[in-house]
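The values are calculated or read from the model by the stated rules, or taken from the named source; none is laboratory data. The structure displayed is predicted, hence computed values, not measured ones. Every residue, glycine among them, receives a Cβ derived from its backbone with ideal geometry; neighbour counts consider all protein chains shown. Just the protein is used for accessible areas: all its heavy atoms, side chains included, with ligands, DNA and RNA removed. Shrake-Rupley method; radii C 1.70, N 1.55, O 1.52, S 1.80 Å.
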Amino acid sequence: MADYESMNDHELVDIKNSVEREQKRREGEPKLLTYRVTSCMTESMHFLKLEHSLLAMRDVSELIIRESVEDNGKYVNKCTGIVGLVFRVEEQTKAHVDAKIKEGFFDDWRYEERLGELNAKTN
């Protein structure tokens, strides 16, 4: 990454123009759906496959239920409005998704084996 403070005005304008060109190029790209499962009791998880995100959502909801039952609801009652589970479908450009894949950003690997086991049981 460049040190922006040491760049002259022309170099900064060049970078700005390059970023704007890239954003416009990506606007015309195909969009992909990604899925996010978020809870205050777990880290956010990001998925490329709907099936994986649904398994994660089930796991997190079971965690919330289990934790609530174990302490007779004290945690949930104390954190009213905070405890919850959020499922989001997000549209992103293919380039953005590809960059995230290279970073190892998505959590599909956590559920690949379980999905295979579930499919084997239903067939």
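Points worth noting:
- Projecting the Cα atoms of T34, H96, N72 onto the charge dipole of the chain, computed from C-beta unit charges around the Cα centre, puts N72 farthest toward the positive end.
- The residues of region 64-123 present an accessible area of 78 Å² per residue when probed at 1.4 Å with all protein chains retained.
- Think of it as helices only: each DSSP H run of n ≥ 4 in the chain is worth -39500 (n - 2.57), and spread over all residues that comes to -18000 deg cm²/dmol at 222 nm.
- Region 30-121 - percent of accessible surface contributed by carbon and sulfur, probe 1.4 Å: 55
- Alpha-carbon radius of gyration plus Dmax, which is the widest Cα pair, for region 30-121 in Å: 15.3, 48
- Student exercise, region 30-121 dipole from Lys, Arg, Asp, Glu Cβ charges, in Debye to nearest 20: 240
- Dipole of the chain, positive end: most advanced residue of S18, S6, L118 [Cβ charges, Cα centre]: L118
- Taking Cα atoms only, the orientation of helix 94-103 departs from the longest principal axis of the chain by about 70 degrees.
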